[in-house]
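Participant: Have a look at this one before I ask anything.
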Amino acid sequence: MPDISTNLEDYTCWIKGKRLPSLIDLTLPKLSSVKVEFKGAGHLGSTNYNAKGRFESMTVGLNFQTFREECAQLLSQDGGSLDCRAGIQHKKGGGSGLYVVPEQILIEWLPQEFDLGKWTVGEKQEVPVQLEVTALQVIWNKKKIIHIDKERYICIINGVDEVADTRAAIGLS
């Protein structure tokens with residue numbers, strides 16, 4: 001019986017070596033492939049194929065409970081990098097015992113939206129920030145399983161370089 005992932009135990013986020021305040025909610029990017037419609041004579045209807053290694057715009061959302069000095073770093077027009085580290089709790093399959101597996105998500109970003117929030121006495125301020133993702137790495141249990149970098153022409157999924165042949169064809173290898 002396989003082990004079961006039970007919950008996100010906790011996480012932290014870091015920018016330029018500084019830990020962001022722990023009172024944030026994080027919405028990770030949605031990966032949606034760019035689609036190319038194929039249709040024509042001799043083909044019944046149409047089919048949407050993925051454009052190999054290409055993804056639609058990806059965003060990451062951070063929602064701070066209150067405005068803090070650290071929030072302003074996310075307005076830097078040069079962008080930056082975000083290092084998110086989590087502990088995912090697992091239960092041993094077919095037996096007892098819990099253990100935690102590390103997950104790390106590395107994001108290079110550019111600023112997209114910054115909302116200073118709303119002031120309501122006695123309530124959280126809610127300061128939502130949206131960042132455009134230009135590069136993404138997902139490291140699960142110390143193994144890199146996703147590496148997408150739009151500017152450096154990289155798309156590696158589970159160790160397979162999805163765009164190596166395209167890079168070679170256009171002289172980028």
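Any read-out appearing in this document is the output of simple, stated calculations on the displayed coordinates, not a laboratory observation. What you see is a predicted model; the values in this text were computed from it and never measured. Counting neighbours? That spans all protein chains shown, and the Cβs are built from the backbone with ideal geometry, glycine included.
Participant: Let me check I've understood the local charge: for K52, count other residues with C-beta under 10 angstrom from its C-beta, Lys and Arg +1, Asp and Glu -1. What total comes out?
Facilitator: My count for the surroundings of K52 gives -1.
Participant: Cβ under 15 Å from W14's Cβ, W14 left aside: what net charge do those residues give with Lys, Arg +1 and Asp, Glu -1? Could you put the intermediate results ahead of the total?
Facilitator: Details: positive: K16, K18, R19, R68, R85; negative: D10, E70, D83, E103, E108.
Counting the neighbours of W14, the net charge comes to 0.
Participant: Output needed for region 38-108: three equivalent-ellipsoid semi-axes, defined as square roots of 5 times the C-alpha gyration tensor eigenvalues, in descending order, whole Å.
Facilitator: 37, 29, 11
Participant: Using the scaling law 2.2 N^0.38 Å as the reference, what is the normalised Cα Rg of the chain?
Facilitator: Computed over Cα atoms of the chain, the ratio equals 1.28.
Participant: Over the chain, calculate the relative contact order: mean separation of alpha carbon pairs under 8 Å at least 6 apart, over the residue count, as a percent.
Facilitator: Numbers: 358 pairs, mean separation 36.8, N = 173.
Computed over the chain, the figure is 21 percent.
Participant: Here's something else I'd like to know. Between W140 and E37, what is the label-to-label distance in nm when each label sits 7 Å out along the Cα-to-Cβ direction?
Facilitator: Between W140 and E37, the simple spin-label model gives 3.4 nm.
Participant: Would you look at the GNM of the chain, springs on alpha carbons closer than 10 Å, and say which of F114, F67, F38 moves the most?
Facilitator: F38
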